[in-house]
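Below is one structure, written out as structure tokens; comments come after it.
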Amino acid sequence: MIQRRQFLATAAGLTTAAVLTRKGRADAVGRNLNWYCDTIETVAHTKSHRRPVVTGVALQKTGDLLAIVGDDHYVCIYDLLQKKITQHSKHHQDWVRASQFSPDGKRLATAGNDRKLIITDVDDIAHPVIEKRHPEAIIALAYSNDGSKLATVGFERKLRIYDAKTGQRIAEQNCDCTDNRCVAFSADDQMIAVGGRSGKIKVWLTDGMNEIATYKKHRQRVRSIAFTANDQILSAGEDQVIKLTDPRDPDAAKETQRLGAKLFATQIIDRGFFATGGSDNHIHIWNTSAMAALGSLTGHTGTVSCLDAKENMLVSGSYDASVRIWRTEMDSSAMKLPVGEDRHTKLPAGWNPTAVK
């Protein structure tokens, strides 16, 4: 999670400016947020020398590693300190759709169109520890926050939950459709949610897998979901709208106006703020309580397909075959102008983000 003090310095003063135009789009969406940005160009592994489309990025929360996966069938490990790719593996025989580190940072799970779920030790991704094969492609996976469970969904009407250490399947539930694109655990691991082509989101209690709700808030495919700290569900998809819904009271949902782009990824970056990526090639930053746009991060030249975050860092992957690392923490040379005080947090005097490309 991005550190609140640093993030709010960027966001302060923008929330009240996010008014809607006649076209129903937030003015602040077009405002450029000048966060520091590093770009990672993916590696061309094939004879065609074509760099892969990126469809999965994952930050190691306990260390300095970044996993990158895409349509070249490879899994790459990038070291954020050394600023280079340190490991490659090709256990998958088709497009790799998703990757995630275990919460303790010791293992990496990947899955994709070859119907394989593969778990490796982070220090040696060349040798799988666990390998499972599904009847159809696996599109999304998620570790529980305590690291004990690993959930998968894809192109079949099944949610599967495994014991993350042994790989034993411990639960299975029917989903609402056969094209499921996203799965997420709540912050306390008490709930799990799935979304897909039907536009519906299905939610279960993880203890006993009793269904809490099935609700339809999107007119087209749901591409991404994320639980907030207070157990509400952020959802986004191809209908270009972001919804914030309490699964125990779906009728009381909040939503944004249409963004003008299909949305592929959502990422909680702080209590009260989240990011989205989509087909307009931009990353948009939002205030959760107001569902209002604060501004955009620009630089990608293709659809932003995936996001991850920790501390003061946001990572994005794109169809432009690149990964971008966005940071809100600036060095002392950027600290020139005073910043006001947010209603929740007193901001450090002299903090001012400056564009560094």
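Give me the residue from the range 270-287 that is assigned to a strand (DSSP E or B) and in contact with a Lys or Arg (Cβ under 9 Å, 6 or more places away or on another chain) and, out of that set, surrounded by the fewest Cβ atoms within 10 Å (Cβ to Cβ).
Restricting attention to the range 270-287, the residues satisfying the condition of being assigned to a strand (DSSP E or B) are 270, 273-278, 283-287.
Still in the running and in contact with a Lys or Arg (Cβ under 9 Å, 6 or more places away or on another chain): 270, 273, 278, 283.
On the way: Asp270: 21, Phe273: 23, Gly278: 25, Ile283: 26.
Among residues in the range 270-287 that are assigned to a strand (DSSP E or B) and in contact with a Lys or Arg (Cβ under 9 Å, 6 or more places away or on another chain), the one surrounded by the fewest Cβ atoms within 10 Å (Cβ to Cβ) is Asp270.
Considering only the range 217-259, how many residues are part of a loop (DSSP other than H, G, I, E, B) and under 18 Å from Ala187 (Cα atoms)?
Count: 7.
Could you identify the single residue in Leu297, Leu347, Leu337 that is at pLDDT below 90, touching a Lys or Arg at 6+ places or on another chain (Cβ under 9 Å) and not assigned by TED's automatic domain parsing to the domain that holds Val96?
Working: Leu297 fails: at pLDDT below 90; Leu337 fails: touching a Lys or Arg at 6+ places or on another chain (Cβ under 9 Å).
Every option except Leu347 fails the conditions.
Identify the single condition in (1) farther than 27 Å from Tyr319 by Cα; (2) of a type in the set (Gly, Ala, Ser); (3) part of a strand (DSSP E or B) that Ala193 does not satisfy, given that it satisfies every other one.
It is condition (1) that Ala193 fails.
Looking at the range 29-64, which of its residues are assigned to a loop (DSSP other than H, G, I, E, B), modelled with pLDDT under 95 and not β-branched (Val, Ile, Thr)?
Within the range 29-64, Arg31, Leu33, Asn34, Trp35, Ala44, His45, Lys47, Ser48, His49, Arg50, Arg51, Pro52 qualify.
Per-residue answers, yes or no, for (1) outside the structural domain of Val69 (by TED's automatic domain parsing); (2) assigned to a strand (DSSP E or B); (3) among the β-branched types (Val, Ile, Thr); (4) within 19 Å of the chain's Cα centre (by Cα):
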residue	(1), (2), (3), (4)
His127	no, yes, no, no
Glu131	no, yes, no, no
Pro135	no, no, no, no
Ile139	no, yes, yes, yes
Ala142	no, yes, no, yes
Gly147	no, no, no, yes
Val153	no, yes, yes, yes
Lys158	no, yes, no, no
Lys165	no, no, no, no
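Condition first: closer than 23 Å to Cys182 by Cα and free of Cβ contacts under 8 Å to residues at least 24 places away in the same chain. Can you find one or more residues in the range 50-62 that meet it?
No, the range 50-62 has no match at all.
Going through Leu307, Leu263, Leu294 one at a time, which residue ends up being touching a Leu at 6+ places or on another chain (Cβ under 6 Å) and in contact (Cβ under 8 Å) with a residue 24 or more places away in the chain? Lay out the reasoning, then the answer.
Working: Leu307 fails: touching a Leu at 6+ places or on another chain (Cβ under 6 Å); Leu263 fails: touching a Leu at 6+ places or on another chain (Cβ under 6 Å).
Checking each option against the conditions leaves just Leu294.
Specify the residue that is surrounded by the fewest Cβ atoms within 10 Å (Cβ to Cβ); the eligible residues are those in the range 71-80 that are modelled with pLDDT of 95 or more and farther than 14 Å from Thr120 by Cβ.
Asp79
Anything in the range 157-178 that is in contact with a Ser or Thr (Cβ under 8 Å, 6 or more places away or on another chain) and among the charged types (D, E, K, R)? List them, or say none.
Residues satisfying the conditions are Arg157, Arg160, Asp163, Lys165, Asp176.
Would you mind finding the one in Thr245, Thr266, Thr303, Thr298 that is among the polar types (S, T, N, Q) and more than 21 Å from Val57 (Cβ to Cβ)?
On inspection, the qualifying residue turns out to be Thr245.
Let me confirm something: among Ala265, Ala252, which residue is under 26 Å from Tyr36 (Cα atoms) and either modelled with pLDDT of 95 or more or in contact with an Asp or Glu (Cβ under 7 Å, 6 or more places away or on another chain) (or both)?
Details: Ala252 fails: under 26 Å from Tyr36 (Cα atoms).
Just one listed residue meets the conditions, Ala265.
With the structure loaded, tell me whether Lys202 is assigned to a loop (DSSP other than H, G, I, E, B) and in the same structural domain as Tyr143 (by TED's automatic domain parsing) or whether it fails that test. Walk me through it before giving the result.
Details: assigned to a loop (DSSP other than H, G, I, E, B): no; in the same structural domain as Tyr143 (by TED's automatic domain parsing): yes.
No.
The values are calculated or read from the model by the stated rules, or taken from the named source; none is laboratory data. Because the structure is a prediction, the values reported are computed rather than measured. Positions of Cβ are backbone-derived with ideal geometry, glycine not excepted, and every protein chain shown enters the neighbour counts.
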